[in-house]
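Accompanying notes for the structure given below.
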Amino acid sequence: MLGLKLPTDPRWVNIVEKNIEDILTDHAYCEQKATSTAISLIVSFPEYTELVQEMVALVKEEISHFKMVHDLILKKGWTLGRDRKDDYVIQLLTFFPKGGSRTTQLVHRLLYAALIEARSCERFRLLSEELEDKELAEFYRKLMVSEANHYTMFLGFARQYGDRKEVDKKWQDLLEFEAQIMKNLSKSETIHG
């Protein structure tokens, strides 16, 4: 369903299980960045009324996810750690050239967002199925459903606002590029890394 070209190495879950505090901190910041992305799309493309309406709803949902993860961190007796750079996203953002028309810029941002959500969904599914901590596994199962909905929403908007054939080609090319990035990741206690 997600179209990812390279699945996450299942051994990544072993890294996560040894570093739950780190993964939860990274996850919290991922939710915060997803909130920021939705706000940024509103600010950058206010004339796309349907997109703005969906992004307002997404801001509320993503910030509630941040709170859920933060509450879980506190429940475990920890505090939110510091944010770290996300090598996955940094590398991903090099795919499309800078510039182009406003529509092209919008489509590229929507495709990036769709792919990040798709990878998050795939990772959350893996965590929901493989974590020994059943409470945490159930937590990730619930979030996985949201991420799948976000992925399809972003991809749908890219197809709606751009030329469908061109968008689908860019999407496939981006998926191939992302697979190359993933070959060198799945080795750290981060959601995408």
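The values are calculated or read from the model by the stated rules, or taken from the named source; none is laboratory data. These numbers come from a predicted model, not from an experiment. Reconstructed Cβ throughout: ideal geometry from the backbone, glycine too, with neighbour counts over all protein chains shown.
Condition check: in a helix (DSSP H, G or I), surrounded by 16 or more Cβ atoms within 10 Å (Cβ to Cβ) and out of contact with any Ser or Thr (no Cβ under 9 Å at 6 or more places or on another chain). Does Leu41 satisfy that? Answer is yes for this residue.
Residue-level check: of (1) of a type in the set (Gly, Ala, Ser); (2) in a helix (DSSP H, G or I); (3) in contact (Cβ under 8 Å) with a residue 12 or more places away in the chain, Gly81 misses just (2).
Hey, can you tell me all the residues within region 147-163 that are at pLDDT 95 or above and among the acidic types (Asp, Glu)? Residue satisfying the conditions is Asp163 alone. Being aromatic (Phe, Trp, Tyr) and more than 19 Å from Ile15 (Cβ to Cβ), is that true of even one residue in region 123-130? Checked against the condition, which is being aromatic (Phe, Trp, Tyr) and more than 19 Å from Ile15 (Cβ to Cβ), region 123-130 yields no hits at all.
The residues on offer are Glu47, Glu31, and the sole one that is charged (D, E, K, R) and outside any helix (DSSP H, G or I) is Glu47. Checked against the criterion of being assigned to a helix (DSSP H, G or I), in contact with an Asp or Glu (Cβ under 8 Å, 6 or more places away or on another chain), more than 25 Å from Thr152 (Cβ to Cβ) and in contact (Cβ under 8 Å) with a residue 40 or more places away in the chain, region 67-77 contains one or more residues that satisfy it.
There is no residue in region 117-137 that is over 19 Å from Lys60 (Cα atoms), of a type in the set (Ser, Thr, Tyr), assigned to a helix (DSSP H, G or I) and out of contact with any Phe, Trp or Tyr (no Cβ under 7 Å at 6 or more places or on another chain).
Checking region 131-144 against the condition returns a match, with at least one residue being over 20 Å from Tyr161 (Cα atoms), buried (at least 16 other Cβ atoms within 10 Å of the Cβ), in contact with a Cys (Cβ under 6 Å, 6 or more places away or on another chain) and without any contact (Cβ under 8 Å) to a residue 60 or more places away in the chain.
Of all residues in region 65-81, how many are under 19 Å from the mean Cα position of the chain (by Cα) and not β-branched (Val, Ile, Thr)? Matching residues across region 65-81 total 5. Out of curiosity, is Glu166 buried (at least 23 other Cβ atoms within 10 Å of the Cβ) and either farther than 22 Å from Ser36 by Cβ or modelled with pLDDT under 95 (or both)? Judged against the criteria, Glu166 is not a match. Considering region 171-193, the residues that are at pLDDT 75 or above and charged (D, E, K, R) include one that is surrounded by the fewest Cβ atoms within 10 Å (Cβ to Cβ), namely Lys183.
If I filter region 90-113 for residues that are buried (at least 19 other Cβ atoms within 10 Å of the Cβ), under 30 Å from Asn19 (Cα atoms) and in contact with a Ser or Thr (Cβ under 7 Å, 6 or more places away or on another chain), do I get at least one hit? Yes, because at least one residue in region 90-113 is buried (at least 19 other Cβ atoms within 10 Å of the Cβ), under 30 Å from Asn19 (Cα atoms) and in contact with a Ser or Thr (Cβ under 7 Å, 6 or more places away or on another chain). Taking the criterion of being among the small types (Gly, Ala, Ser) and farther than 27 Å from Glu178 by Cα, would at least one residue in region 118-137 satisfy it? Looking through region 118-137, none of the residues is among the small types (Gly, Ala, Ser) and farther than 27 Å from Glu178 by Cα.
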